[in-house]
Amino acid sequence: MSDQTLQHEELRVTIPRAEALATVEEARAAIDGIDAALAALLERRAAVAGVVQRLKPVGGFAGRCPDRERQIVAAMAERAPTLGPERLARIMNAVIEAGLEVAELQRRNVQDGHGRG
Ligand SMILES: C=C(O[C@@H]1C=C(C(=O)O)C=C[C@H]1O)C(=O)O
């Protein structure tokens, strides 16, 4: 197995087109599948954002970077034009703040000596 394969995971997800769904049950099943993928992505995103917090000179809420956050939203708006930048900004603000909270909690736990074997 290559290093690339060992150090990366692939997420494959089937996303039915909305037009293909005819019943509430079908649509809810599709939502459940999409949410399962979203949860996995959000969990991994928080972990990766936590790496940035540890590497930046000032991490956590104190090191928040509005320019970078605007870039993220602008890039996402190109892929999600129906949601648009204003709604995506609200969604991503919640996602980013959740990640920062987790990173701060983990930093405090490390400082307090929790989580050491
Ligand atoms: C991850 C970073 O730190 C913060 C969190 C961000 C994120 O979760 O994407 C983006 C910008 C910063 O406010 C970063 O600076 O890149």
Notebook entry, point to check: In degrees from 0 to 90, rounded to the nearest 10, what is the angle of the helix 24-55 Cα long axis to the longest principal axis of the chain?
Noted result: 20
Next item on the list: For the chain, evaluate the Debye formula with one uniform point scatterer on each Cα (no solvent term) and list log10 I(q)/I(0) at q = 0.09, 0.21 Å⁻¹, rounded to two decimals.
Entry: -0.36, -1.26
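Just so you know, all these numbers are worked out from the coordinates, no wet-lab data involved. Keep in mind that what you see is a predicted model, and the values were worked out from it rather than measured.
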